[in-house]
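I have placed the structure first, in the form of structure tokens, so that the comments after it can refer back to it.
Derivation of every value follows stated rules applied to the coordinates shown; laboratory data play no part. Just so we're clear, the structure is a prediction, and the values are computed from it rather than from any experiment. Reconstructed Cβ throughout: ideal geometry from the backbone, glycine too, with neighbour counts over all protein chains shown.
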Ligand SMILES: NC(=O)C1=CN([C@@H]2O[C@H](COP(=O)(O)OP(=O)(O)OC[C@H]3O[C@@H](n4cnc5c(N)ncnc54)[C@H](O)[C@@H]3O)[C@@H](O)[C@H]2O)[C@@H](O)CC1
Ligand SMILES: [K+]
């Protein structure tokens, strides 16, 4: 699924208006009706509503929702923020229609007109939508603050007022919504951690925008979803043998951190790899052989980085430690292996300390930093959007894939394309889940998926395993081992 910027969203609306064809006021009716139906289906039936509208089409959506609620006997008060103009055509048509209902309509043209919101009311925020072109200021900002301070539950229409669709609004005054009801596709704003407080839970409502538009559009970002990953994963052939699924190596573990190596190895095995050899410290031998009997082990000084050319790919980093001798280990790995590999955790921290190593990473490799590791490698950015751009820039500069881990993990491809993963949940914010991801991606690379496909399918399957595990038990109780246990079901869910 594409993730569109403001201009493309507007173009998609216009394409639908022209080709369906449908009048723009009727498309607004359809969008607002979807919001109204969502409210009725989600325990808001019978509640009373304070609906705040600007004079653009976002405000127009608010007016339609107000009319539908009033016509179904809900108590509705509509507050219209005065901007000194009449409003868009569709806004005006819907204001006239609203006058025929029992809804109270009040205009706010100064701060004296801002009154306390009844505590039992659900607030609908339809002040500003995707047409915002500057920070909310003056009376608009005061009204937003007033709504946020009220403590009432807020449901934002399309996007919380004050937030930009596709660039940072950090430091601006923005509505804090419990739910955001948006239309058709994800907007970049919904995928950025810096907006978490504003957007609440995002619900995408289908308003029937025509799919024909999608064929003509190159989106700046793609959402990694089930359809995408189902098309990547290949079925197994009946006459295949283990040699057909590759031989992976994992170089991981140190005293006190053998768990990371075990999680990585077990996840790699469950990903479908043909053979796995673990290069681990000698004292971890028994632990690994008992925990992952399917894997072979090589022990020896400094993880015994020898004969690495025999592997199809290598995953390095989980639980490795950042001792100085590991710089030699990494150098040796990068010298022997020039095929795409996976680099994670302490291997990234070592590279962060010795940036010259970045240039030695084999082309097409996948690095999997979390935001702090990313910062150690490439520096701080002012906001999440800049971090995404920096990731794309560095992916191109070093010819690597960067998997920037988070709620919506971002995958930066060296060709300039960016992908946000859609699966996963906050239960996965717990130790060891990153080691599991490294294992899965390493296993997919060994099975001769391209680096891009291994990264995309790996993050999606990892998140899907987390979703299945959380559904089976709960988010708080989720541990990294659960992801490995549910990987089989995650594969199954693709078909
Ligand atoms: N046919 C369509 O295009 C559809 C549009 N829809 C709604 O229309 C919205 C977009 O409508 P508009 O483009 O009219 O934009 P908005 O409703 O976001 O209104 C923005 C208007 O306010 C002004 N403005 C911008 N920033 C401001 C600020 N900081 N303070 C005060 N005023 C500011 C602008 O001059 C602009 O005219 C979407 O978010 C969505 O809710 C939906 O009804 C679906 C269909
Ligand atoms: K809004």
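Could you state the number of Å between the C-alpha centres of region 211-247 and region 403-430? After rounding, the separation between the Cα centres reads 16 Å.
Overall dimensions of region 2-219, expressed as equivalent-ellipsoid semi-axes from the Cα gyration tensor (√(5λ), whole Å, largest first), are 25, 20, 16. Between 0 and 90 degrees, the angle of helix 258-270 with respect to the longest Cα principal axis of the chain falls at about 80 degrees.
Computed from Cα atoms, the angle from the helix 89-99 axis to the main principal axis of the chain rounds to 60 degrees. When each of 176, 372 is scored by the number of other beta-carbon atoms lying within 10 Å, the sequence from fewest to most is 372, 176. For the chain, the relative contact order works out to 12 percent when only alpha carbon pairs closer than 8 Å and six or more residues apart are counted. Beta bridges assigned by DSSP with both partners in the chain are antiparallel in approximately 15 percent of cases. Relative contact order, whole percent, for region 344-495 stands at 19, derived from Cα pairs under 8 Å and 6 or more residues apart. Placing R0 at 35 angstrom, the Cβ-Cβ distance between residue 196 and residue 14 gives a FRET efficiency of 0.65 after rounding to 0.05. For the peptides 399-412, 211-224, 29-42, residues were scored by their other Cβ atoms within 10 Å and the scores averaged per peptide; the highest-first order is 399-412, 29-42, 211-224. Footprinting exposure proxy ranking of 52, 327, fewest other C-beta atoms within 10 angstrom first, gives 327, 52.
Scoring 80-87, 263-270 by mean Cβ neighbours within 10 Å over their residues and listing the highest first yields 263-270, 80-87. Across every pair of non-identical alpha carbons in the chain, the mean reciprocal distance, once inverted, gives a Kirkwood radius of 24.6 Å. Taking every C-alpha pair closer than 8 Å and separated by at least 6 residues, the mean separation divided by the residue count of region 226-492 gives a relative contact order of 20 percent.
Projecting label points 7 angstrom from Cα along Cα→Cβ for residue 120 and residue 492 puts them 4.8 nm apart. Each stretch of four or more DSSP H residues adds -39500 (n - 2.57); spread over every residue of the chain, this sum gives -12000 deg cm²/dmol at 222 nm.
Ordering 228, 28 from the fewest to the most neighbouring beta carbons within 10 Å gives 228, 28. Give me the angle, in degrees from 0 to 90, between the Cα long axis of helix 24-41 and the longest principal axis of the Cα atoms of the chain, rounded to the nearest 10. For 24-41 against the chain, the angle is about 70 degrees.
Report, for region 226-492, the % of DSSP beta bridges that are antiparallel, rounded to 5. Approximately 25 percent, going by the DSSP bridge assignments. For region 1-80 versus region 432-495, the spacing of their alpha-carbon centroids is 37 Å.
Please find the FRET efficiency linking residue 145 to residue 203, where r is the Cβ-Cβ separation and R0 is fixed at 22 Å, and quote it to the nearest 0.05. The calculated FRET efficiency here is 0.30. Enumerate the residues in region 120-153 having an amide nitrogen under 14 Å from the point lying 7 Å beyond the Cα of residue 111 toward its Cβ. Residues 137-147 qualify, since their backbone N sits under 14 Å from the label point. Using R0 = 30 Å, the C-beta based FRET efficiency linking residue 448 and residue 294 works out to 0.90. Peptide packing: for 202-210, 384-392, 451-459, the average count of neighbouring Cβ atoms within 10 Å per residue gives the ranking 451-459, 384-392, 202-210, highest mean first. A simple spin-label model places the labels of residue 239 and residue 407 5.1 nm from each other, with each point 7 Å out along Cα-to-Cβ.
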